[in-house]
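*Asks:* Attaching a single structure in structure tokens format; questions to follow.
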């Protein structure tokens, strides 16, 4: 399953960033990327996604993205995350998690060894890219989830 997830995610590389979209090759945001990979690997999306504003992550104390992921995926310890798992990031300290990516190789371990680990995500200025999970990104990981086995 992890190999299928990574293959599906890599198929989105180069897709331009577009807020609230989830169309491979046309546009997506980070949630749209996860939704698109879900559709390719698991099947129909498990729940509708309500419209959201660009600043949704700055309003309110509820971990909206994590709660939605928890309803559809198995939450795992960050130290157990591996290839094919979804990680959610806090973009600033004290904020809720509002960014998502998929680990594409390796596994960050309890000693924070992230050498060689990469992830795919959709970022506003770059679109969908694969890049190293650098220490600044690793420090932002707040949650990790595993796709259900289909």
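*Asks:* Using only helices, what value at 222 nm comes out for the chain when you add -39,500 (n - 2.57) per DSSP H run of length 4 or more and divide by the total residues, to the nearest 500 deg cm²/dmol? Don't skip to the end; give the middle numbers.
*Replies:* Details: 4 runs with 36 residues, N = 150.
Mean residue ellipticity at 222 nm (helix-derived): -7000 deg cm²/dmol.
*Asks:* Arranged from highest to lowest average of other beta-carbon atoms within 10 Å per residue, in what order do the peptides 84-91, 24-31, 63-70 appear? The partial results should precede the final answer.
*Replies:* Values: 84-91: 21.4, 24-31: 19.0, 63-70: 17.1.
For the peptides 84-91, 24-31, 63-70, the packing ranking is 84-91, 24-31, 63-70.
*Asks:* Just the number, please: percent antiparallel of the DSSP beta bridges in the range 2-146, rounded to the nearest 5.
*Replies:* Numbers: 23 of 24 bridges.
In the range 2-146, approximately 95 percent of DSSP beta bridges are antiparallel ones.
*Asks:* At residue 71 and residue 1, where each label point lies 7 Å from the Cα along Cα→Cβ, what is the point-to-point distance in nanometres?
*Replies:* Inter-label distance under the simple model: 2.0 nm.
*Asks:* Give me the orientation-averaged projected area of the Cα convex hull of the range 19-101, in nm², one decimal.
*Replies:* Spelled out: convex hull of the Cα atoms, projected over all directions, averaged, 6.0 nm².
No value in this document is a laboratory result; all are computed from the given coordinates. None of the values given here were measured: they were computed from a predicted structure. Please note: Cβ atoms are built from the backbone with ideal geometry, for glycine as well, and neighbour counts cover all protein chains shown.
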